[in-house]
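Step one of this worksheet: look at the structure below.
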Amino acid sequence: MKFIHTSDIHYGASPDANRPWGKERARALTETFRQIIETCRREKVDLLIISGGLFDGHPTDESVRELNTLFASVPGTKIYVIAGEDDGVFTTSPVVTFRWAENVTYNTDTKFTSTYYEGLQTEVIGASDDKPGFDPMRLADANPEHPGASILVFSASEIAEESIPNFFTYVALGGSHKPYVKRGGRLVNSGSPEPLGADDTGKHGYYLGEIDCERKKMTALKFVTLPTVRYITLSVNVTPVSTREDVLNNLRREMSGMGGTNIYRIRLNGLTNPEVSLDIDELKYEFRIGRIDDFTKPDYDYVKLFREHPADMVGFFVKEMNREDITELDKKAMNYGINALLKTADERN
């Protein structure tokens with residue numbers, strides 16, 4: 001039995017909506033899911049498992065119809081879906097009353113229930129979530145009742161591995177945007193097929209696997225990467241001899257090598273020359289930069305500062321704060337204080 005496991009699709013989401021590339025990212029989420037459906041057709045996939053996060057909040061009638069059309073386009077693939085805590089498919093959602101295509105099982109029950117695919121010799125036991133957090137005690141009701149392979153499906157961003165039963169052929173988790181594999185490929189969190197924000201660094205895609213249902217054994221599992229755009233964090237270590245041009249040129253070289261379509265988060269670390277500006281905002285006109293975090297600290301020569309300001313507020317501040325028992329928090333306060341005093345001194349002059 002060949003299957004695809006994916007989750008956290010967030011169909012209809014608009015990552016970085018306030019950025020110039022926002023519309024492109026929204027289209028990418030939709031296109032990536034269409035590629036997964038196309039793979040089901042091309043690879044003759046028997047079962048598509050979506051372990052939560054199909055929708056991005058409360059789904060619209062239009063998005064439900066669009067997805068149903070996609071699902072119906074692969075009638076040879078059984079499609080099993082549960083809802084995660086962010087799906088918003090409960091109470092007044094059109095999902096609850098919608099008549100899905102014959103090959104679709106959308107399980108909105110928050111108790112573990114069984115769906116048996118006799119032609120596949122596979123039993124899927126799953127439950128949806130309508131609130132944050134997952135109570136492991138719920139798993140006591142998840143017990144296979146049919147012959148053949150057994151697959152457990154639920155959504156939980158954090159759960160202790162030891163609380164998950166070990167007798168299932170495969171455990172399909174969702175709720176975490178980053179994928180991971182445990183128990184030799186029998187316990188898998190698929191992650192999101194597309195990165196959904198700056199924190200979703202690393203690779204994204206879905207899992208394609210095969211199960212020998214008679215022997216109740218996994219025979220193959222591989223991670224298939226899809227997105228062409230990645231969120232990448234670049235950390236730059238700055239020293240007091242670093243110039244603004246040094247930092248700009250190093251970043252240009254790195255980002256050009258990684259690709260101009262990626263979205264970058266830049267972190268500046270280290271000590272800087274207080275007289276050198278490290279304003280690198282101009283890079284936003286050349287690359288997709290979602291955020292710049294400046295964690296640098298000025299490398300002040302306190303002896304020189306006191307010598308240059310013996311009788312003003314800067315000198316008094318240095319004398320008071322620059323002591324042997326100074327803490328790291330005091331050092332930060334001292335740097336901020338000196339920086340502010342020097343700026344106001346410049347403004348007064």
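Odds and ends about this structure:
- Pairs meeting the criteria (first residue in region 211-240 and under 27 Å from Leu251 (Cβ atoms), second residue assigned to a loop (DSSP other than H, G, I, E, B) and acidic (Asp, Glu), beta carbons under 6 Å, at least 6 apart or on different chains) are Pro227/Glu194; Tyr231/Asp200; Pro240/Asp299.
- Top-ranked residue in region 57-67 [being part of a helix (DSSP H, G or I) and not hydroxyl-bearing (Ser, Thr, Tyr); ranked as most open to solvent (accessible area, probe 1.4 Å)]: Arg65
Yes or no, residue by residue, for (1) touching a strand residue (DSSP E or B) at 6+ places or on another chain (Cβ under 9 Å); (2) modelled with pLDDT under 95:
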site: Ser155; (1), (2): yes, yes
site: Ile159; (1), (2): yes, yes
site: Ser163; (1), (2): no, yes
site: Ala172; (1), (2): yes, no
site: Leu187; (1), (2): yes, no
site: Asp200; (1), (2): yes, yes
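- Within region 231-310, strands (runs of 3 or more DSSP E) holding 1 or more residues that are open to solvent by 30 Å² or more (accessible area, probe 1.4 Å) and among the acidic types (Asp, Glu): 288-294
- Residues within region 117-130 that are open to solvent by less than 70 Å² (accessible area, probe 1.4 Å) and more than 25 Å from the chain's Cα centre (by Cα), tallied: 6
- Residues of region 207-228 that are modelled with pLDDT of 95 or more and touching a helix residue (DSSP H, G or I) at 6+ places or on another chain (Cβ under 6 Å): Met218, Leu221.
- When region 68-109 is filtered for residues that are crowded, with 16+ Cβ neighbours inside 10 Å and over 19 Å from Ile36 (Cα atoms), the ones remaining, listed by number, are Gly84, Glu85, Asp86, Asp87, Gly88, Val89, Phe90, Ser93, Val95, Phe98, Asn107, Thr108.
- Where Arg42 falls short, out of the listed (1) free of Cβ contacts under 8 Å to residues at least 40 places away in the same chain; (2) in contact with a Cys (Cβ under 8 Å, 6 or more places away or on another chain); (3) open to solvent by 20 Å² or more (accessible area, probe 1.4 Å): (2)
- Selection of region 7-19 for residues being open to solvent by 70 Å² or more (accessible area, probe 1.4 Å) and in contact (Cβ under 8 Å) with a residue 60 or more places away in the chain yields only Arg19.
Quick grid of which residues meet (1) closer than 25 Å to Leu152 by Cα; (2) in a loop (DSSP other than H, G, I, E, B); (3) in contact with a helix residue (DSSP H, G or I) (Cβ under 8 Å, 6 or more places away or on another chain):
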site	(1), (2), (3)
Pro15	no, yes, yes
Ala26	no, no, no
Glu38	yes, no, no
Lys44	yes, yes, no
Phe71	yes, no, yes
Asp86	yes, yes, no
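- So Ile151, is it open to solvent by 10 Å² or more (accessible area, probe 1.4 Å) and either touching a Gly at 6+ places or on another chain (Cβ under 9 Å) or under 20 Å from Asp56 (Cβ atoms) (or both): no
- Out of Leu47, Leu29, Leu54, one residue alone is surrounded by 15 or more Cβ atoms within 10 Å (Cβ to Cβ) and over 18 Å from the mean Cα position of the chain (by Cα). It is Leu47.
- When residues of region 176-223 are limited to those that are of a type in the set (A, V, I, L, M) and surrounded by fewer than 15 Cβ atoms within 10 Å (Cβ to Cβ), the one nearest to Thr30 (Cα to Cα): Val181
The values are calculated or read from the model by the stated rules, or taken from the named source; none is laboratory data. Small disclaimer: the values here were computed from a predicted structure and weren't measured. Please note: Cβ atoms are built from the backbone with ideal geometry, for glycine as well, and neighbour counts cover all protein chains shown. Just so you know, the surface numbers come from the protein's heavy atoms only, side chains and all, with ligands and any DNA or RNA stripped out. Shrake-Rupley method; radii C 1.70, N 1.55, O 1.52, S 1.80 Å.
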